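See below for the structure under consideration.
Derivation of every value follows stated rules applied to the coordinates shown; laboratory data play no part. This structure is a prediction, so every number in the text was calculated from the model and none was measured. Here the Cβ positions follow ideal geometry from the backbone for every residue, glycine too, while neighbour counts run over all protein chains shown.
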Amino acid sequence: MTIADRLMEEGGIDVVIDDYDLKEGQDVNVFMERLKHDESLHFCLILSDSAYARKANERKKGVGTEAQIISKEIYDSVDQTRFVPVVMENDDQGKACLPTFLQSRKFIDFSSPEKRNQNWERLVRLLHGKPARVKPAIGSAPTFLDEKVGFHFVATRTALASLRIGLMEGKPGVAIMRDDVLDSFVREIAEAADSVNTDDSSNGTAISRWESLLKIQSPARDLLVDWMLVEAKIDPERAVTKCIVPLLEKVFSLPFRPEGIPSDHFAEDAMACLAYELALYAVACLIDVDGVSALKMLIEHPFLKERAYRDEMCAGLIGFYHYSSVAETWNRTQKPSWISPLSQLFKERATHDKINFDKLVEAEALLFLLNLLADEQWYPNSAVYIERNHAFVWFMKAKAGRTPDRLALLTGRPTWESVRDEFLQKLHALQNGGGLSVFRRGYGKFLSSMGFAKS
């Protein structure tokens, strides 16, 4: 079957061709001139092989006449789309056999049976005006174009994009790419903090600057969560040693003071809030990939870094827990005020598309449990946001699954039941001592969500 026949029978396209439409006695040149002037003919397919290309270039016989008719219109109109080259043959060097006047034009490749089958749909779609890919409508310009340089962490975003490609393709130099992400983040968050300090648009109060500092952290935090999550999905344990620990150590030790100011309690508090929040996100990322061994590595890692905003040495994730007196001051200006103002702020800025606020609450529940078993107190601020009949997915897996026993592996206790019983014993003692007022009337919901409520 010829291409013309197939286009008519299978493609639903009306084709004008000399075999069917040029009758005896009619003028061949007039028939070819019709290609230029008949507006009902939307496309002209030029099927070109080596013989056609040679005759067209040499202006020989009917092909030469046809080339003279077509080439002028093609040369005169750079943007023309009516004349479509279809390459039927390649030369010995693999180049398309096309006459000179078509060599710069985009063509459809029919140079082999495989190419013909591969590109048949493309040709039919072209002739029907129904391309497989349609240019999307222009959307709104991104909001960061109207904001200050550094607020959207362009260098951090670029470094992370390169790292992602390096991780996916196993490229060498990934360790250097990780350093680039950290270095870009440290530099740009310092620039953002400095810009807030010199910004005259706020009302100048320390609380307003603190709120601004928290606001600018969100895009950087989401980028860092992207990094933790992609590494955790590839290899959870490697993610802890190569990504999460170095990142948390860096955030743990950042002073976050505007340049030239020796001490700024509000700026330092904003940095401590970010460190607390990122610790929750790190645990949530490992929960999301069910990386129990990786979680154990993170929980047991000693973060022996001196925090610039506290004169003390801290070990373990408990050092990231932060009580914000600034958040309490801010809360007194809110109507209504919040039981847990810092968790409310975390909830309002939980914008990541994969790790939502519910997963942060689950992460904090796990940190609370682990620290209570270790006789450390991580106050579960976000517990007030647990809904009735809510269940933490990872805790339900830990309760239902015994291979492995997730909580036993994570805590070093013999069984899930032994973890539950020891936790409940210590929790009741803490509650009876007047602690954990954050639960208010949500005590039962908290235990139920963890699968620890006894019937």
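The aspartates and glutamates within cross-link reach of residue 115, meaning a Cα-to-Cα straight distance under 12 Å and a gap of 8 or more places when in the same chain, are 89. When each of the peptides 387-396, 45-54 is scored by the mean number of other C-beta atoms lying within 10 Å of its residues, the order from highest to lowest reads 45-54, 387-396.
With 18 Å as the limit, write out which pairs from 233/359; 347/397; 171/242; 215/335; 215/250 have Cα-Cα distances beyond it, or answer none. Write down the numbers at each step before the final one.
On the way: 233/359 16 Å; 347/397 25 Å; 171/242 15 Å; 215/335 20 Å; 215/250 20 Å.
Too far apart for the 18 Å limit: 347/397; 215/335; 215/250.
Sorting the segments 284-295, 22-33 by their residues' average number of neighbouring beta-carbon atoms within 10 angstrom, most packed first, yields 284-295, 22-33.
Residue separation of residue 33 and residue 134 scaled by 0.36 nm, minus their Cα-Cα distance, works out to 33.1 nm of gained length.
The label-point distance for residue 300 and residue 40, in a model that sets each label 7 Å from Cα toward Cβ, rounds to 8.3 nm.
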